[in-house]
Amino acid sequence: MSDVGSEQNPVRAAIVGSGPSGFYAMEALIRSEPAVLVDMFERLPSPFGLVRSGVAPDHPKLKKAIGVYQKLAESPEFRFLGNVTVGRDISVEELKNCYHAVVFACGAETDRKLGIPGEDLPGSHAATEFVGWYNGHPDYRDLEFDLSHETAVIIGQGNVAVDICRILAKTVDELKHSDIAKHALEALAESKICNIHMIGRRGPAQAKFTHQELREFGELTECEPVVDPKDLELNEASSEELADRNNRANRKSFEVLQSFAARPTPTRRRRCRFHFLKSPVELAGENRLERVVLARNRLEGKPSQQTARATDELEELACGLLFRSIGYRGVPIPGVPFDQERGVFPNREGRIVDGESAVSGLYATGWIKRGPTGIIGTNRADSVATVESLLEDLPNFGVTEKPGADGLKDFFKSRGVRVLSYEDWQKIDSAEIRRGEAAGKPREKFTRVEEMLSVIDQSE
Ligand SMILES: Cc1cc2nc3c(=O)[nH]c(=O)nc-3n(C[C@H](O)[C@H](O)[C@H](O)COP(=O)(O)OP(=O)(O)OC[C@H]3O[C@@H](n4cnc5c(N)ncnc54)[C@H](O)[C@@H]3O)c2cc1C
Ligand SMILES: NC(=O)c1ccc[n+]([C@@H]2O[C@H](COP(=O)([O-])OP(=O)(O)OC[C@H]3O[C@@H](n4cnc5c(N)ncnc54)[C@H](OP(=O)(O)O)[C@@H]3O)[C@@H](O)[C@H]2O)c1
């Protein structure tokens, strides 16, 4: 028998998830010296994770990574198994029987909670839901957002919060040539939202959004940014933070905020107001959200380590719609250790660990490995590092041969799981692009799994 990694006995690797971290792990594996065959499992019929269903529809340039993944998918060492949920359609133990290594690249699919009274009132939503809805993710297709109110509040000051505010702020004309889901465009066309409030718990020197994204608020057709100049008065530690040569990013954002504060009184129909040093302490209303109670915060701590501490000063903001955009969170998969506090799979350099010991053959990459931060490109180095750990472990795999997905055909048939190939996805992809042509959109997404499956049925 030959060693695992030889041409006769290639490493059989399963990747769970087809977002950026999954594709970059696949790339690192097939370009490595040992022979590796990769099967990528994806719970949706469509690949590409948050690049398809997270990245804002009006930012098409940022979706260009998909072209790289499409090229990688042509590799003969790669197979796509779409419409298969690991942990439901196949257990981790069953996967381990067929693969030497399983790399979890399943992202962070749910949201963090604020943990305050009234959080579950109708009208209060998670960013994950709204983002999934306007991007046509099938899980969120049937959600409804009441856009008949005039005021929307967004908690958090990261780039996801920025995306949500911008989508609420734009006109239909500004969105209609993007790949935004049809149902969302129709609902947004009727939107009465004209006051958008983005609430940050820390100050303008600590906001997580990036200046390029922030600057767009000064360029919208119907919406203007509003910043109170008083909010830009910094404490000593914050001034020190901004003066730090390595903190160009926050300095740039601060300059954009200064330019917003210097604008004349807004005259357009919509405005987006940026608040700082405020935290929600309660969402209140009779049977639905009517107002948010905000505590004024002060900053405590050394420069670059300042945290927000609530004071006794409270204010109320009437609103009918609220999104908490305070970070995504990983979801456990049965058979894999889970860090409840951080919402990730606990790991050391990508090797999944249970307490102190590494779990043989299980690896993690991307948001499920390090938590929900970082842009698309961040996942490349992360996946390369995980694959390095996996390849270091190669001697532990011995000489055992594993069948990969060839060993699973009857298994899926007996369970009634309809597994889609990459060619199947390409048919769905072409149909979406065709549907988009008539509307002048890059694509009109199918937003239900059944619709995607029927495209394949019709082509057979
Ligand atoms: C709203 C939003 C907008 C963003 N915009 C940008 C941007 O403009 N530019 C930028 O550079 N970065 C952006 N990012 C960040 C970027 O999207 C992430 O860094 C990246 O997608 C993380 O990659 P990932 O592979 O770890 O996870 P994901 O992209 O989430 O991929 C995970 C995949 O795993 C699949 N999966 C989950 N569970 C299972 C299971 N049990 N079985 C099988 N499959 C499973 C999911 O369906 C999904 O396809 C954005 C993030 C968000 C949330
Ligand atoms: N265009 C793009 O490139 C783009 C677009 C979207 C997303 N992304 C990336 O995707 C990643 C995730 O973005 P994200 O916006 O979800 O996360 P993020 O950048 O981590 O921002 C989270 C925000 O929520 C706040 N927050 C956290 N807990 C809170 C609480 N309990 N109460 C009030 N506020 C709270 C944080 O404040 P503190 O700072 O005080 O913790 C921060 O303002 C980021 O790396 C982002 O850059 C990129």
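The values are calculated or read from the model by the stated rules, or taken from the named source; none is laboratory data. Computed from a prediction, not measured in an experiment: that's the story for all the values here. Positions of Cβ are backbone-derived with ideal geometry, glycine not excepted, and every protein chain shown enters the neighbour counts. These area figures cover heavy atoms from the full protein model, side chains too; ligands, DNA and RNA do not enter into them. Shrake-Rupley method; radii C 1.70, N 1.55, O 1.52, S 1.80 Å.
Somewhere in the range 274-291, is a residue touching a residue at least 12 places away in the same chain (Cβ under 8 Å), among the hydroxyl-bearing types (Ser, Thr, Tyr) and farther than 16 Å from PHE323 by Cα?
The answer is no; no qualifying residue exists.
Looking at the range 358-409, which of its residues are among the charged types (D, E, K, R), away from ligand 1 (no atom under 16 Å from the Cβ) and closer than 13 Å to ARG348 by Cβ? Full working, then the answer.
Restricting attention to the range 358-409, the residues satisfying the condition of being among the charged types (D, E, K, R) are 369-370, 380, 382, 388, 392-393, 401-402, 406, 409.
Now drop any that are not away from ligand 1 (no atom under 16 Å from the Cβ), which leaves 388, 392-393, 401-402, 406, 409.
Within the range 358-409, GLU388, GLU392, ASP393 meet the criteria.
So for the range 175-182 (the condition being of a type outside the set (Lys, Arg), more than 11 Å from ligand 1 (Cβ to nearest atom) and surrounded by fewer than 17 Cβ atoms within 10 Å (Cβ to Cβ)), does at least one residue qualify?
Yes - at least one qualifying residue is present in the range 175-182.
Out of the residues in the range 33-50 that are acidic (Asp, Glu) and touching a strand residue (DSSP E or B) at 6+ places or on another chain (Cβ under 9 Å), which is nearest to ligand 1 (Cβ to nearest atom)?
GLU42
Pull up the range 105-133, narrow it to residues that are in contact with a strand residue (DSSP E or B) (Cβ under 7 Å, 6 or more places away or on another chain) and of a type in the set (Asp, Glu), then point me to the one that is farthest from ligand 2 (Cβ to nearest atom).
Residues of the range 105-133 in contact with a strand residue (DSSP E or B) (Cβ under 7 Å, 6 or more places away or on another chain): 105-106, 108, 110-112, 114, 116-119, 121, 123-128, 130.
From what is left, the residues that are of a type in the set (Asp, Glu) are 111, 119.
Working: ASP111: 9, GLU119: 11 Å.
Result: GLU119.
With the requirement that a residue be over 22 Å from GLY301 (Cβ atoms), open to solvent by less than 10 Å² (accessible area, probe 1.4 Å) and within 15 Å of ligand 2 (Cβ to nearest atom), what does the range 238-279 give you?
VAL256, PHE274
VAL102 passes all but one of (1) open to solvent by 20 Å² or more (accessible area, probe 1.4 Å); (2) more than 22 Å from GLU444 (Cα to Cα); (3) touching a residue at least 12 places away in the same chain (Cβ under 8 Å); (4) more than 12 Å from ligand 2 (Cβ to nearest atom); which number fails?
(1)
List every residue pair whose Cβ atoms sit under 8 Å apart, with the two residues 6 or more apart in sequence or on different chains, where the first one lies in the range 344-370 and is touching a residue at least 24 places away in the same chain (Cβ under 8 Å) and part of a strand (DSSP E or B) and the second, anywhere, is surrounded by fewer than 24 Cβ atoms within 10 Å (Cβ to Cβ) and among the polar types (S, T, N, Q).
ARG351/SER389; SER360/ASN396; TYR363/ASN347; TYR363/SER389; ALA364/ASN347
Given the structure, is LEU322 within 30 Å of LEU147 (Cα to Cα), open to solvent by 60 Å² or more (accessible area, probe 1.4 Å), of a type in the set (A, V, I, L, M, F, W, C) and in a strand (DSSP E or B)?
Taking the combined requirement at face value, the residue does not satisfy it.
Here are the criteria: (1) more than 16 Å from ligand 1 (Cβ to nearest atom); (2) touching a residue at least 12 places away in the same chain (Cβ under 8 Å). Tell me which single one ARG415 does not satisfy.
Exception for ARG415: condition (1).
When residues of the range 74-92 are filtered for being assigned to a loop (DSSP other than H, G, I, E, B) and within 23 Å of the chain's Cα centre (by Cα), how many remain? Before the answer, list the steps.
Of the range 74-92, the ones assigned to a loop (DSSP other than H, G, I, E, B) are 74-77, 83-85, 87-89, 91.
Remaining after also requiring within 23 Å of the chain's Cα centre (by Cα): 83-85, 87-88.
Of the residues in the range 74-92, 5 are assigned to a loop (DSSP other than H, G, I, E, B) and within 23 Å of the chain's Cα centre (by Cα).
Going by the structure shown, is LYS96 out of contact with any helix residue (DSSP H, G or I) (no Cβ under 9 Å at 6 or more places or on another chain) and either touching a residue at least 12 places away in the same chain (Cβ under 8 Å) or within 8 Å of ligand 1 (Cβ to nearest atom) (or both)?
In short, yes.
For the range 142-159, state whether one or more residues are under 17 Å from the mean Cα position of the chain (by Cα) and closer than 23 Å to LYS445 by Cα.
no
Keeping to the range 45-61, report how many residues are in a loop (DSSP other than H, G, I, E, B) and either open to solvent by less than 10 Å² (accessible area, probe 1.4 Å) or touching a Ser or Thr at 6+ places or on another chain (Cβ under 8 Å) (or both). Can you show your working first?
The initial filter retains those residues of the range 45-61 that are in a loop (DSSP other than H, G, I, E, B), namely 45-48, 54-59.
Now restrict to residues that are either open to solvent by less than 10 Å² (accessible area, probe 1.4 Å) or touching a Ser or Thr at 6+ places or on another chain (Cβ under 8 Å) (or both): 45-48, 56-58.
Total meeting the criteria: 7.
State which residue pairs qualify: first residue within 15 Å of ligand 2 (Cβ to nearest atom) and inside the range 160-175, second residue at pLDDT 95 or above and open to solvent by 30 Å² or more (accessible area, probe 1.4 Å) in any location, beta carbons under 6 Å apart, and separation of 6 or more residues or different chains.
Taking only residues 6 or more apart or on different chains, the pairs are VAL162/GLU213.
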